[in-house]
Amino acid sequence: MEVLFLNLKAQYLAIQDEVQEAMQRVIEKTAFAGGPFVQQFEQEFAAYCQTKHAMGVGSGTSALWLALAGLGVGEGDEVITTPNTFIATAEAITYAGATPVFVDVDEHTYNLDPALIEAKITARTRAIIPVHLFGQTADLAPILAIARKQGLYVIEDASQAHGALYQGQPAGSLGDVGCFSFYPGKNLGAYGEAGGVVTNNSDLTRYIQMMKDHGQSVKYYHDMVGWNDRMDGLQGAVLSVKLKYLDQWNEQRRQHAQAYTNLLSDVPGIVLPRTAEYGTHVFHIYAIRVEQRDQVKAEMEQRGVHCGIHYPLPLHLQKAYADLGYIRGDFPVTERCADSFLSLPIYPELTYEQIAHVARVLKQSLAAVDGLVIEGDGHAAPAAPAYRKTSIIS
Ligand SMILES: *Cc1c(COP(=O)(O)O)cnc(C)c1O
């Protein structure tokens, strides 16, 4: 049995008629750039996130940059964020003219550790960007308290957390502004590039609406030097169709995560994801931690189970950010995670049989890496229980 890491085709087949109809309407109206289908999605997404405003933009990266620029973050400013994220979070800070300042993450949620933030605040700090990694929000209450005390903005990078909750509130709605990616593989994914910004701040909304459309208030009358960061009409239409299924899909992801956790809880030497008490996880990624990760991944690959790594190299150790002057050892939790993270397949369309198969193949692969064989591996079963010799990760 082969299990793909991601299977967008399976999801398409389940909603094929609706998506094709929606796309057909856009084409017949030739509403390709911005327009009524984007506006409709914006209204629906604002309602979903319980914010006053939502704006469709070109990508998640753009959403972050527009939020920073719109809040006046730029040259000479510092923005605190996590090195344990996709590079777009930091790129947006750099692109806005500011400097990313990294803070290590919590060992259990893999998100920004609130206890480490204040030591990094300087006179130049303007904002904090917590990233809701893998589908679970950062611990926002203490982060918001620090921000309020220090007069900083909080920009949520909710690109992996569509529909996640923090103390019952939707991800993206708790800070000054929430940024989303609708990259195809995200929990709410477009059929191309797209992103979104949600906020209750009307000034910020006006700024982003103009900025993303060449700074024009009236067509061909430009009040400021803007940019082109509009969402495509086709993406708006697809996203409207898919938003209706998001909660159901997230529930299926949670059930799959629970199934993995049940099947793997007795395997020594691996660390399973934890759900913090404060929120509802939407499992964009189901990442375990395991020693000799690359070998385990290769063994699984050989057996037809495809996994991911999110992410193999933390941002502070990327060549692109060498000039920030960080070294290995600066963020030990993030570094340990990067060396041991292994993302198992998780998407709504998986069957329980597939999940059980992935769990079985993982156990076989762990044993193979340790030079052992276990039942079902095509070899003789060993006498002793044979999962992991070592247990290294706390
Ligand atoms: C996907 C992602 C982004 C970037 O989104 P794009 O739409 O690809 O530009 C930003 N931050 C995080 C955490 C992401 O996962």
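The values are calculated or read from the model by the stated rules, or taken from the named source; none is laboratory data. Values in this document were obtained by computation on a predicted structure and should not be read as measured data. Cβ sites come from the backbone with ideal geometry, for glycine too, and all protein chains shown count toward neighbours. Note: areas computed on protein heavy atoms with side chains; ligands, DNA, RNA excluded. Shrake-Rupley method; radii C 1.70, N 1.55, O 1.52, S 1.80 Å.
Odds and ends about this structure:
- Any chance P170 is away from the ligand (no atom under 12 Å from the Cβ) and touching a Cys at 6+ places or on another chain (Cβ under 6 Å): yes
- V105 vs. criteria touching a Ser or Thr at 6+ places or on another chain (Cβ under 6 Å) and open to solvent by less than 10 Å² (accessible area, probe 1.4 Å): yes
Here's the yes/no breakdown for (1) modelled with pLDDT of 95 or more; (2) among the acidic types (D, E); (3) over 22 Å from P130 (Cβ atoms); (4) assigned to a loop (DSSP other than H, G, I, E, B):
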| position | (1), (2), (3), (4) |
| --- | --- |
| A145 | yes, no, no, no |
| E156 | yes, yes, no, no |
| G163 | yes, no, no, yes |
| L174 | yes, no, no, yes |
| N187 | yes, no, no, yes |
| Y191 | yes, no, yes, yes |
| V197 | yes, no, no, no |
| S217 | no, no, yes, no |
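- Filter result for T199 (under 19 Å from P83 (Cα atoms), open to solvent by less than 10 Å² (accessible area, probe 1.4 Å) and either in contact with a strand residue (DSSP E or B) (Cβ under 6 Å, 6 or more places away or on another chain) or away from the ligand (no atom under 16 Å from the Cβ) (or both)): no
- Near pairs, Cβ below 7 angstrom, 6+ apart or cross-chain, from the stretch 37-62 (within 18 Å of I129 (Cβ to Cβ) and in the same structural domain as D176 (by TED's automatic domain parsing)) to any residue that is within 16 Å of the ligand (Cβ to nearest atom) and among the acidic types (D, E): V57/D229; S59/E193; T61/E91; S62/D229
- Criterion violated by Y183 - all others in (1) closer than 22 Å to P332 by Cα; (2) open to solvent by 40 Å² or more (accessible area, probe 1.4 Å); (3) within 16 Å of the chain's Cα centre (by Cα) satisfied: (1)
Matching residues to (1) among the polar types (S, T, N, Q); (2) at pLDDT below 95; (3) out of contact with any helix residue (DSSP H, G or I) (no Cβ under 8 Å at 6 or more places or on another chain):
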site: T61; (1), (2), (3): yes, no, no
site: L66; (1), (2), (3): no, no, no
site: L71; (1), (2), (3): no, no, no
site: T82; (1), (2), (3): yes, no, no
site: T85; (1), (2), (3): yes, no, no
site: G97; (1), (2), (3): no, no, yes
site: I121; (1), (2), (3): no, no, no
site: A127; (1), (2), (3): no, no, no
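- Of all residues in the stretch 55-82, those satisfying the criterion of being over 19 Å from G196 (Cα atoms) and within 12 Å of the ligand (Cβ to nearest atom) are T81, T82.
- Given (1) in a loop (DSSP other than H, G, I, E, B); (2) more than 24 Å from T280 (Cα to Cα); (3) not small (G, A, S), index of the condition Q209 fails: (1)
- Failed condition for D213, given (1) within 16 Å of the ligand (Cβ to nearest atom); (2) in contact with a Lys or Arg (Cβ under 8 Å, 6 or more places away or on another chain): (1)
For every residue, the table says whether it meets (1) within 23 Å of G168 (Cβ to Cβ); (2) at pLDDT below 95; (3) outside the structural domain of L112 (by TED's automatic domain parsing).
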{"residue": "A259", "(1), (2), (3)": "no, no, yes"}
{"residue": "N262", "(1), (2), (3)": "no, no, yes"}
{"residue": "G269", "(1), (2), (3)": "no, yes, yes"}
{"residue": "V282", "(1), (2), (3)": "yes, no, yes"}
{"residue": "K297", "(1), (2), (3)": "no, no, yes"}
{"residue": "E301", "(1), (2), (3)": "no, no, yes"}
{"residue": "G308", "(1), (2), (3)": "no, no, yes"}
{"residue": "P312", "(1), (2), (3)": "no, no, yes"}
{"residue": "D323", "(1), (2), (3)": "no, no, yes"}
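- The residues in the stretch 173-185 that are of a type outside the set (A, V, I, L, M) and more than 14 Å from the ligand (Cβ to nearest atom) can be counted, and the count is 3.
- Among the conditions (1) over 24 Å from E349 (Cα atoms); (2) touching a strand residue (DSSP E or B) at 6+ places or on another chain (Cβ under 8 Å), A276 misses just one, which is (2).
- Scan of the stretch 73-96 for residues that are surrounded by fewer than 21 Cβ atoms within 10 Å (Cβ to Cβ) and in contact (Cβ under 8 Å) with a residue 24 or more places away in the chain, ordered by number: G74, G76, D77, E78, F86, I87, E91, Y95
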